[in-house]
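The values are calculated or read from the model by the stated rules, or taken from the named source; none is laboratory data. These numbers come from a predicted model, not from an experiment. Cβ sites come from the backbone with ideal geometry, for glycine too, and all protein chains shown count toward neighbours. Accessible surface areas use protein heavy atoms only, side chains included; no ligands, DNA or RNA. Shrake-Rupley method; radii C 1.70, N 1.55, O 1.52, S 1.80 Å.
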Amino acid sequence: MRTPTVKIEHARYVVTLDGARRIVADGSILIEGPRISRVGKAAELRDVAADRVIDARHLLVTPGFVNGHMHISYAHAVRGIFPDDMGSPLPYVFRLQMAMTEDEEYYTTLLGLVELLKGGTVAFVDPGSTKYPDACLQAYTDAGIRVILGEGVSDQNAPFPLPRYSTEEGVRRTEDFLRKWNGRLDGRIHAWAMPFSPESCSAELLRGVKRAADEAGTGLTLHHLSGPEARRESVARHGLGPTQYLESLGLLGPSVLLSHAPGLDADEIDCLARTGTAVAVCPVMNAKRGGGTAEHGRMPELLAKGVRVALGSDSPNNSNHLDMVRTLNMAALQYKDARQDLRQIPAERALEMGTRLGAQALGLGAEIGSIEPGKRADLVLFDTARPEWQAMFNPVNNLVYNADGRSVHTVIVDGRVIVDAYRQSFVDEPRLFARVQEIGERLLARTGVELPRSRWPIV
Ligand SMILES: [Zn+2]
């Protein structure tokens, strides 16, 4: 059978994120099967024919976005229920999460995937939220997205109801999960070890799941916290700071992605750089939850030391959106303001974290993250024929500072056009939205979670 081909022709700009960071004006891209085979000026590819040609004269092309930390599951059904000034939502989060049924999780996952893809995200890490991966497999198949999945495990008491097992069972479940899931859907599913956090897992569990990940040749992610208070507690419990503790267990390394990691000190950042450990930072969640970027944010220091940094959105009830362009925007603005320093996180750096660098942080750098021959054809085509894109002189500034995910016009994953001129065809959206609303109503009633619906009277 002949390989199907797609040609993106006369793109207004192709922002390649290649080694030289070339931006090709009036560019064309040829896709053969799941991979990019040619990238260049439209004139160079003029005589190349394809099964499908996308006229991209008003479109700007970037690599697909990567979301390094996004809890997919319960939150879409009850998004927006947490008041701004509520303390930790975690007790509610896990009560709702644990109450999800298979059917409910399938639909909330599907909604999450629609939102991710329509915003240009082609790959994401679900840090162990999904309870029913078998039920969600059909959603991943239909949506065609890349996903890094794992089973969330813990073996210690936590102040909220995490999935808790004996140490041996936690390790065994992780081994089984990796064996069953890694590499499925033509390699679009990656299975990783996902212990929840160092506080909720014993040293034996952490070592055991890391060994399982290493043996399976795959990755590991966990929530990580530092700062003066966490350091004091960690030193009291383990005689070491939080990051040094993980290093002492052999938990750090190139296949490990720490999430959030606020409050790291210089020694901890050196430790991550030395071990090649990656970090996923969630800028919108940090701002919304009053995380204190000025005091605890370390993105510039991590980047300066060459640590691979990905951006994440965290749970859709923490961020609350999954729009990676708005996330790039937040990353680029947040540190300029927090440090009162305009040199912090330029627009180009933010875009790197959302694409090339983020893909590297997830261990996917050889396959995605830039537009180059040989890479997987994971692309976002932005519609620049919209008011917010005018006037166009600096494409990266316009993307990061003017635009948002609403101008995502077309999204391609593995050479397959998934969002085509603003439309996806794998699910009936109005029916899905109504169903998820119903699931949310039922879930709140069933769990007895009652929060004020609105500060203002809904009449
Ligand atoms: Zn998380």
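Structural remarks
- The set of residues in the stretch 27-50 being open to solvent by 70 Å² or more (accessible area, probe 1.4 Å), part of a strand (DSSP E or B) and either farther than 19 Å from Asp378 by Cβ or among the hydroxyl-bearing types (Ser, Thr, Tyr) (or both) consists of Lys41 alone.
- Qualifying residues in the stretch 251-271 (those that are of a type in the set (A, V, I, L, M, F, W, C) and outside any loop (DSSP other than H, G, I, E, B)) - the one farthest from the ligand (Cβ to nearest atom): Ala266
- Cβ pairs under 9 Å, 6+ apart, first in the stretch 254-271 and on the phi > 0 side of the Ramachandran plot, second of a type in the set (Val, Ile, Thr) and surrounded by 17 or more Cβ atoms within 10 Å (Cβ to Cβ): His260/Val279; His260/Val281; Ala261/Thr243; Ala261/Val279; Ala261/Val281
- Taking the listed residues Ala366, Ala377, Ala361, Ala403, the one that is modelled with pLDDT of 95 or more and open to solvent by 30 Å² or more (accessible area, probe 1.4 Å) is Ala366, with no other qualifying.
- Failed condition for Ala391, given (1) in a helix (DSSP H, G or I); (2) more than 19 Å from Leu116 (Cβ to Cβ): (1)
- Only one of the numbered conditions (1) open to solvent by 40 Å² or more (accessible area, probe 1.4 Å); (2) part of a helix (DSSP H, G or I); (3) under 26 Å from Ala361 (Cα atoms) is violated by Leu110, and that is (1).
Rundown of residues vs (1) in contact with a strand residue (DSSP E or B) (Cβ under 9 Å, 6 or more places away or on another chain); (2) crowded, with 23+ Cβ neighbours inside 10 Å; (3) not hydrophobic (A, V, I, L, M, F, W, C); (4) not in a helix (DSSP H, G or I), yes/no style:
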{"position": "Ile81", "(1), (2), (3), (4)": "no, no, no, yes"}
{"position": "Phe94", "(1), (2), (3), (4)": "no, no, no, no"}
{"position": "Glu105", "(1), (2), (3), (4)": "no, yes, yes, no"}
{"position": "Leu137", "(1), (2), (3), (4)": "yes, no, no, no"}
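Listed here are the residues, each with its yes/no results for (1) buried (at least 17 other Cβ atoms within 10 Å of the Cβ); (2) at pLDDT below 95; (3) part of a strand (DSSP E or B).
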site	(1), (2), (3)
Gly183	no, no, no
Leu206	yes, no, no
Arg211	no, no, no
Thr218	yes, no, no
Leu222	yes, no, yes
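- Applying the criterion of being hydrophobic (A, V, I, L, M, F, W, C), in a helix (DSSP H, G or I) and more than 12 Å from the ligand (Cβ to nearest atom) to the residues of the stretch 66-79, the residue that is surrounded by the fewest Cβ atoms within 10 Å (Cβ to Cβ) is Val78.
- Residue check: Gln334 meets all listed conditions (1) in contact with a Leu (Cβ under 9 Å, 6 or more places away or on another chain); (2) in a helix (DSSP H, G or I); (3) more than 19 Å from Gly112 (Cβ to Cβ) but one, namely (1).
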